[in-house]
1. Return one quarter of the surface area of the convex hull spanned by the alpha-carbon atoms of the chain, equal to its mean projected area, in nm².
2. I need the helices of the chain that pass two filters: whole DSSP H segments spanning 15 Å or more by Cα along the axis, and mean Kyte-Doolittle score no lower than -1.0.
3. Which order do the peptides 104-111, 393-400, 450-457 take when ranked by the mean count of other beta-carbon atoms within 10 Å per residue, highest first?
4. Along each principal axis of its Cα atoms, how long is segment 267-424 end to end? Whole angstroms, biggest number first, please.
5. What value, in deg cm²/dmol to 500, does the helix sum -39500 (n - 2.57) over DSSP H runs of n ≥ 4 give at 222 nm once divided by the residues of the chain?
6. Give me the tail of P(r) for segment 107-385 as a percent: Cα-Cα pairs with distance above 33 Å.
7. Express as a percent, rounded to the nearest 5, the fraction of DSSP beta bridges in the chain (both residues included) that run antiparallel.
8. With N denoting the number of residues in segment 3-82, provide Rg(C-alpha) divided by 2.2 N^0.38 Å, to two decimal places.
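Just so it is clear, none of the values below were taken in a lab; they were calculated from the coordinates. Note that the coordinates shown come from a computational prediction; the quantities given were computed from them, not determined experimentally. With ideal geometry, Cβ positions are generated from the backbone for all residues, glycine too; neighbour counts draw on all protein chains shown.
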Amino acid sequence: MDNEEIIAKFFQTPPLKYNTNPEELIDKLLPIALKYQKNVDKIPFYRKLTGEYIQKIFDLPIPNDPQSIEEVVAFLNTYIIPNLPSTTNQRFLAYIPSDPAPEAMVGAMLTPLLNQMVGSVQASVSGTAIEALVIQWFVQLLNLPKNTFGSFTTGGSGAILTCIYAGLVHQGKLHGFDIKEEGYFHPKRFLIYLSDQTHNSVEKAILMLGLGRKSIRYVKSSVNFELTGNAVRTAIQEDQDKFGDSVLPLMIIGNAGTTNSGAIDFLDELREVADEYQLWFHVDGAYGAFAKITNTPVSRRLVGLEKVDSLTLDAHKWFYVPFEAGVALTTNHKIMSNAFELSAEYLIDSELENDYPLQRNFRSYGFPLTRELRGLKIWIMLSLLGVQQIKNAITRNILQANYFQNLIDNNSQFELISRGDLGIVCFVHKDGEYTTIKILEKLQKQNNFYLSTTVLAGKTVIRACILNLRSDLSTMDELYNELIVIEQEFSLT
Ligand SMILES: Cc1ncc(COP(=O)(O)O)c(C=O)c1O
């Protein structure tokens, strides 16, 4: 065959040989996920793949030719689906669980099917509008200043990185220093103050931004794991006495719900210290800030949240939507866009923002240019359920956690280490670490509940994270009874 013949033959074949149409794909693939969801409370978290299964997965060659949909479904049903643990199981109370509402999960299915690129208004006029509206709803629900704006991110980690960078650029300007121009080449070492209970995504973000660990000042939290204004003030003063002019404090990062125990820092006090020293005040509210929308005592404990300079939220935690739904906000939207706005010749014709103040190019409010429409699933969920039901669900979790905490507190074999006001209860066995860990291991092995550990005040504690949409008081009773049986077995041996 000569060259021309080869080219002619090549173009006679269609670019993609489809062996299915989209409707058929949906008909064949969707039932797999629906069946998984139906059984989600029966699917344990603890799963260990046998060598044979792992080998089967890793041995799969790249398919050179199309396989039938039946073959694909068979592989999924044999090797993948039966070995997926469920963090949506209402008895999965470890880490920060995810238990999304069906309205949000099914709503999220539209996202890839619509395939909207929300980096530019022009590329997704109503997509960017609905996402901006959801951000506006969060702003209203949390009573944040009306100029607050930002963007959706993958999760809490992406949101923290976004907010810290925006804050640093702003703080640099305040000190006559252009971080966007100079990087961090400054004669003084920048300092960021945070609680020793802060989630490690903050440290990761600071490291990614190139500041280095020496810029991080972990400040000791109180006996209740909360950061006070005085503790930060003392730390700043100590640094100034020790290092004088060679350091420049730039930022305080507070917690509206620590991952370890659900502790809430004294946000009002931290705001005061930030004002005293002209510092940026960020709050990590990834999971806990949503408790503010409830009518519970803990909502009042979140006073000061509305005074932040930046805030991270994560709706895939305590707002019952599926992964990925982080939100990065600055209370002055211009600070966010000053940090992220960058022109490019290939984007000039998409630069125009709409006349509506809320309609913005999201690429200027965070680091990705192209990303999916993350706000749609939240809009669908809130529209179909109404926000009151979400408030009720968070309130129910708080009541369940308080109920469970009281059961533990009234049992002389256990010691309560942290209260469940924000959904997380930590406790130990009175005989110490060995028995505490053994009880947890047995509970995990029984595969009915899954709880994890953390370390508080130097002690390994069992941590129950009660943030699930479908758990209720009977789930708490069931957990407590299972713990008691295990505890008694250990006491008898
Ligand atoms: C308080 C807090 N901040 C940040 C994060 C990080 O969020 P993500 O895992 O969505 O990146 C977590 C995760 O659990 C968290 O609990």
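1. Values: hull surface 118.6 nm².
Answer in nm², one decimal: 29.7.
2. Working: long enough: 22-38 (23 Å, -0.25); 125-141 (24 Å, 1.31); 156-174 (27 Å, 0.83); 229-243 (21 Å, -1.03); 387-409 (33 Å, -0.25); 433-446 (20 Å, -0.84); 473-492 (29 Å, 0.25).
Once both thresholds are applied, what remains is 22-38, 125-141, 156-174, 387-409, 433-446, 473-492.
3. On the way: 104-111: 19.1, 393-400: 20.8, 450-457: 17.6.
The packing order, highest mean first, is 393-400, 104-111, 450-457.
4. Rounded to whole Å, the extents work out to 69, 45, 25 Å.
5. Numbers: 19 runs with 212 residues, N = 493.
Mean residue ellipticity, 222 nm, calculated: -13000 deg cm²/dmol.
6. On the way: 7877 of 38781 pairs.
The proportion of pairs with Cα distances above 33 Å equals 20 percent.
7. Values: 24 of 43 bridges.
The antiparallel fraction comes to roughly 55 percent.
8. Numbers: Rg = 18.4 Å, N = 80, 2.2 N^0.38 = 11.6 Å.
Rounded to two decimals, the normalised Rg is 1.58.
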